[in-house]
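Chemist: Have a look at this one.
The values are calculated or read from the model by the stated rules, or taken from the named source; none is laboratory data. From a predicted model like this one, the values you see are computed outputs, not experimental measurements. Methodologically, a virtual Cβ is constructed for each residue, glycine included, from the backbone with ideal geometry; neighbour enumeration extends over all protein chains shown. For accessibility, only protein heavy atoms count, side chains too; no ligands or nucleic acids. Shrake-Rupley method; radii C 1.70, N 1.55, O 1.52, S 1.80 Å.
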Amino acid sequence: MSKITTELLLERAVPRSTRLRKIETLNLSKLQLKTGDLDPRLFSRLRHLQKLDLSDNLLDKFPNSLTLPDLRVLNCNNNKLEDVTALKQFPLLEELTYENNVYLTLNDDYKVMFLLQNLRLLNGKDITKLANHVRRVNSRKLTSKVTAHWEKFFRDQLPERYTPEQVKSIKKKFVQSVQTNVVYGPSSLSEFTRWRVKMIAEEFLACILGLELNTDPEPEEEMDENEEDSTESPKEAAEDEDEDEVVVTPRKRKRNRSKLGARNKRSKSQANMEEEAVANPRKSSHVQDDPAPDKPRTSNQPAKEAIPEQGTEGTHKNGEQFPKGQSNRRSSQLTGEQKNQEQDNGVVSLTPVKNSKGKEDVSAEPLHFLQCHSKSNSREDFKTQLWSCVFEPLLDCGARKDPIVSSCRTVATCGGESVCLIDCETGTVLKKYKVPTEEFFSVAWTTLTMEISDSRKKSHNILVAAGRRGIVKLIHVAADFCYGEIKAHKKPIATVCFSPARETHLFTASYDKRIALWDIGIPDCDYNFKASQLLLLEALSIPLRLALVPTCPDQYLLAGCEGGCFAWNIKLDKDQKNRPFEAIFQFPDEDGSVTSSHRVDGLAFLNDDVVVSKSSKPGCMYLWSWSRSFDTKGKGYQRTVSAVILAELEWSTTDMSYLTLSTCPAKDYVFCGDEKGSVWMYNLSNYTTAWSSAKGKRSDKRIPPTQILKWPELRLNGDQLPEVLINNVVSDPTFTYLVVLTSVNITAIWKKS
């Protein structure tokens with residue numbers, strides 16, 4: 001790799017020069033340069049440099065002190081730039097190009113337009129008019145909003161005589177609050193808006209309080225996400241009448257201590273079918289025992305190519321696009337109403353109801369109700385079904401690290417034609433990925449260590465999504481880039497999951513009655529990757545839910561299927577690639593007998609040994625022991641095994657299928673929704689110790705729910721919303737947030753009190 005020296009600079013000057021101070025044009029392209037190679041001491045001697053070409057290198061950022069006072073033209077194409085704010089050191093810059101830097105987004109374009117007052121051409125386009133709007137109109141609007149936010153919510157918090165500690169505390173709360181609540185322009189520019197709002201808020205406080213101004217325009221990377229609970233973001237009452245496009249502000253609700261209560265909605269009718277001739281996985285209480293596998297359990301039409309949200313730029317491989325910089329707010333959010341407050345602005349209002357058990361304590365409270373998976377972005381879409389959600393793993397490092405995106409507050413949800421990333425605390429839709437002819441059924445996360453240059457590697461979270469078309473989409477979220485796909489099955493994929501033992505191993509369960517194990521590979525710096533199929537597991541019916549055995553995730557897989565609960569040996573040291581199931585489990589039936597032939601539409605491990613499963617028939621959920629049920633020393637395939645039942649959980653008496661369950665192992669919790677919009681919560685911490693004993697006995701009585709969260713009464717323009725089925729309920733690993741997916745295109749987010 002070339003290192004920059006005086007001789008190299010003189011040689012690469014155009015024309016060649018004998019002195020650094022005489023160089024006006026310099027070509028340093030295609031030298032494999034990294035950020036550390038740009039020596040500020042050497043570059044400071046290029047006092048008259050006007051044109052600099054750094055294209056086709058490996059730069060991930062600019063040093064903050066290159067000192068090129070006369071630089072007018074800069075080419076940074078084909079690098080690995082992650083941030084543009086350091087370009088403010090070139091105030092005379094008139095022409096700038098940085099195409100093919102995968103981490104840069106539309107938000108970065110707006111940042112350089114604001115920072116560089118003389119910039120005329122950006123990536124070959126005249127941006128003079130737009131830049132003037134960004135510097136003047138945009139700044140004026142945001143300043144007005146920031147000022148109004150202070151006057152309405154924070155001015156009275158500041159005492160007449162204040163200490164430096166009080167000022168520091170109010171400053172922190174105010175900056176966080178305006179970043180959360182002040183919205184202007186399209187959602188694809190929300191990262192830029194947060195960045196500008198922070199700058200404006202700090203300037204505003206410096207002016208009125210005499211604070212020392214932080215002149216570093218670096219955005220919310222410095223924002224402390226761990227302080228989100230220290231500030232209650234006030235709810236803005238006024239609608240924004242300034243935008244060209246309508247944007248409803250996603251507001252963080254004030255803590256409403258009204259008790260949740262018991263107002264049962266009428267039971268679910270069996271309608272809510274789309275007009276298209278597509279089988280719905282819910283339908284009625286008389287679901288076929290073995291539905292036609294080519295008719296997925298869905299409600300929307302299937303699909304072709306990925307397209308961006310409105311205004312997206314940048315076409316990627318496979319002809320697909322991920323909305324560049326679409327990092328924040330949805331234009332349509334269902335917002336909860338405070339008690340004794342009224343809203344007539346067309347936003348869905350939330351009326352809290354009492355706890356179903358009549359208890360005075362409330363363990364969770366609603367934060368947000370989002371309608372972010374609408375077909376064609378229609379606010380009238382209450383038919384799209386939402387199926388799967390998974391919280392993003394914690395990531396300590398990565399490109400463009402964001403305190404919001406890289407936390408356990410972020411959840412991926414799927415339903416209809418889209419996949420969304422949502423910040424649970426703020427209700428912000430950070431990113432959205434659409435495939436108009438697809439219907440997504442399942443999402444899963446993994447963390448891969450990817451090579452971003454010759455010797456540098458970083459850990460990045462990769463999201464996979466699959467559904468009706470049988471194709472697995474591979475999405476590098478930090479780069480807003482769907483970098484590939486795997487044509488895994490010819491029929492719809494019901495669910496996917498990654499192995500906790502091997503980060504590249506992905507299981508896909510399909511309507512073709514097969515479960516495939518794939519190695520998705522690790523993409524290189526150009527996103528080239530190689531996927532291969534490692535195993536193909538044969539099932540007797542459609543697999544619906546997957547669960548790897550925690551004590552041996554590389555050896556045994558459980559699956560809840562349309563025709564029972566099965567186990568496979570997935571150890572890769574065997575030569576046999578196609579494998580039948582090794583065991584099928586028997587469970588008690590309604591009439592007191594045992595059966596192995598029943599639909600298992602809920603399956604998860606509560607801890608290393610206890611399994612929770614749900615059949616659509618008995619109206620309860622079983623807790624059973626893996627180790628005591630399955631003899632790993634047994635020989636042969638297709639054995640029938642009796643599940644050793646530890647307890648039964650009392651649940652809804654409905655026979656409606658596909659209302660799945662989930663667990664929070666760290667807190668010993670089980671969650672499951674029902675056909676009336678309620679969430680049943682079971683705290684089993686008092687039982688797990690007894691169950692862990694080898695002689696642990698079965699609980700004689702069904703265990704009732706610790707609490708049932710009732711679905712609030714939601715209204716849109718005064719009309720009550722359709723009746724709600726809870727398709728899925730998932731908590732983050734610490735049970736801080738509870739995400740509820742429904743049959744009516746609403747994602748509900750609850751927060752534990």
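Chemist: Which numbered condition in (1) within 29 Å of the chain's Cα centre (by Cα); (2) outside any loop (DSSP other than H, G, I, E, B); (3) farther than 20 Å from S657 by Cβ is the only one that A567 fails?
Modeler: (1)
Chemist: Please work out which one of (1) in a loop (DSSP other than H, G, I, E, B); (2) under 19 Å from F90 (Cα atoms) is the condition L33 fails and give its number.
Modeler: (2)
Chemist: Mind checking which helices (runs of 4 or more DSSP H) fall wholly inside the stretch 126-188 and carry at least 2 residues that are more than 30 Å from D109 (Cβ to Cβ), of a type outside the set (K, R) and open to solvent by 50 Å² or more (accessible area, probe 1.4 Å)?
Modeler: Working: elements: 128-132, 139-153, 164-181.
Once the helices (runs of 4 or more DSSP H) in the stretch 126-188 are filtered for at least 2 residues that are more than 30 Å from D109 (Cβ to Cβ), of a type outside the set (K, R) and open to solvent by 50 Å² or more (accessible area, probe 1.4 Å), what remains is 164-181.
Chemist: Moving on to the next point. Would you point out the residue of the stretch 707-740, among those that are charged (D, E, K, R) and modelled with pLDDT of 90 or more, that is most open to solvent (accessible area, probe 1.4 Å)?
Modeler: Within the stretch 707-740, the first condition is being charged (D, E, K, R), and the residues that meet it are 710, 713, 715, 719, 723, 732.
Retained after the next criterion (residues that are modelled with pLDDT of 90 or more): 710, 732.
Details: K710: 24, D732: 5 Å².
If we take residues in the stretch 707-740 being charged (D, E, K, R) and modelled with pLDDT of 90 or more, then K710 is most open to solvent (accessible area, probe 1.4 Å).
Chemist: Please tell me if I462 is within 24 Å of the chain's Cα centre (by Cα), open to solvent by 10 Å² or more (accessible area, probe 1.4 Å) and aliphatic (A, V, I, L, M). Give the derivation first.
Modeler: On the way: within 24 Å of the chain's Cα centre (by Cα): yes; open to solvent by 10 Å² or more (accessible area, probe 1.4 Å): no; aliphatic (A, V, I, L, M): yes.
Criteria not met by I462.
Chemist: Name the one entry in K3, K51 that is touching a residue at least 24 places away in the same chain (Cβ under 8 Å), basic (K, R) and under 26 Å from R120 (Cα atoms).
Modeler: Details: K3 fails: under 26 Å from R120 (Cα atoms).
The match here is K51.
Chemist: I'd like the full set of residues that are crowded, with 22+ Cβ neighbours inside 10 Å and either farther than 19 Å from H505 by Cα or not aliphatic (A, V, I, L, M) (or both), limited to the stretch 557-580.
Modeler: G560, C561, E562, G564, C565, F566, W568
Chemist: Only one residue in Y637, Y658 is at negative phi and either surrounded by 19 or more Cβ atoms within 10 Å (Cβ to Cβ) or modelled with pLDDT under 95 (or both). Which one?
Modeler: Details: Y658 fails: at negative phi.
Only one candidate passes the filter, namely Y637.
Chemist: When the residues of the stretch 504-532 are narrowed to those that are among the polar types (S, T, N, Q) and either in contact with a helix residue (DSSP H, G or I) (Cβ under 7 Å, 6 or more places away or on another chain) or surrounded by fewer than 22 Cβ atoms within 10 Å (Cβ to Cβ) (or both), which ends up farthest from L81 (Cα to Cα)?
Modeler: Among them, the one singled out is S532.
Chemist: Would you mention how many residues in the stretch 86-95 are open to solvent by less than 10 Å² (accessible area, probe 1.4 Å) and either touching a residue at least 40 places away in the same chain (Cβ under 8 Å) or under 23 Å from I452 (Cβ atoms) (or both)? Write out each step before concluding.
Modeler: The first filter runs over the stretch 86-95 and keeps only residues open to solvent by less than 10 Å² (accessible area, probe 1.4 Å), leaving 87, 90, 93.
The next check asks that each one be either touching a residue at least 40 places away in the same chain (Cβ under 8 Å) or under 23 Å from I452 (Cβ atoms) (or both); those that pass are 87.
Within the stretch 86-95, residues that are open to solvent by less than 10 Å² (accessible area, probe 1.4 Å) and either touching a residue at least 40 places away in the same chain (Cβ under 8 Å) or under 23 Å from I452 (Cβ atoms) (or both) number 1.
Chemist: Please go through (1) assigned to a loop (DSSP other than H, G, I, E, B); (2) open to solvent by less than 40 Å² (accessible area, probe 1.4 Å); (3) modelled with pLDDT of 90 or more for N78 and return the number of the only condition it doesn't satisfy.
Modeler: (2)
Chemist: Provide a single number: the residues in the stretch 96-108 that are within 18 Å of L54 (Cβ to Cβ) and crowded, with 22+ Cβ neighbours inside 10 Å.
Modeler: Summing the residues that are within 18 Å of L54 (Cβ to Cβ) and crowded, with 22+ Cβ neighbours inside 10 Å in the stretch 96-108 gives 5.
Chemist: List the strands (runs of 3 or more DSSP E) that sit entirely inside the stretch 644-753 and contain at least 3 residues that are farther than 20 Å from P366 by Cβ.
Modeler: Numbers: elements: 644-650, 661-664, 669-673, 679-683, 707-709, 713-716, 726-731, 737-742, 747-752.
In the stretch 644-753, 644-650 are the strands (runs of 3 or more DSSP E) which contain 3 or more residues that are farther than 20 Å from P366 by Cβ.
Chemist: Only strands (runs of 3 or more DSSP E) wholly contained in the stretch 458-527 count here; list those with 1 or more residues that are among the charged types (D, E, K, R) and closer than 19 Å to A539 by Cα.
Modeler: Details: elements: 471-476, 481-487, 493-498, 505-510, 514-519.
Once the strands (runs of 3 or more DSSP E) in the stretch 458-527 are filtered for at least 1 residues that are among the charged types (D, E, K, R) and closer than 19 Å to A539 by Cα, what remains is 514-519.
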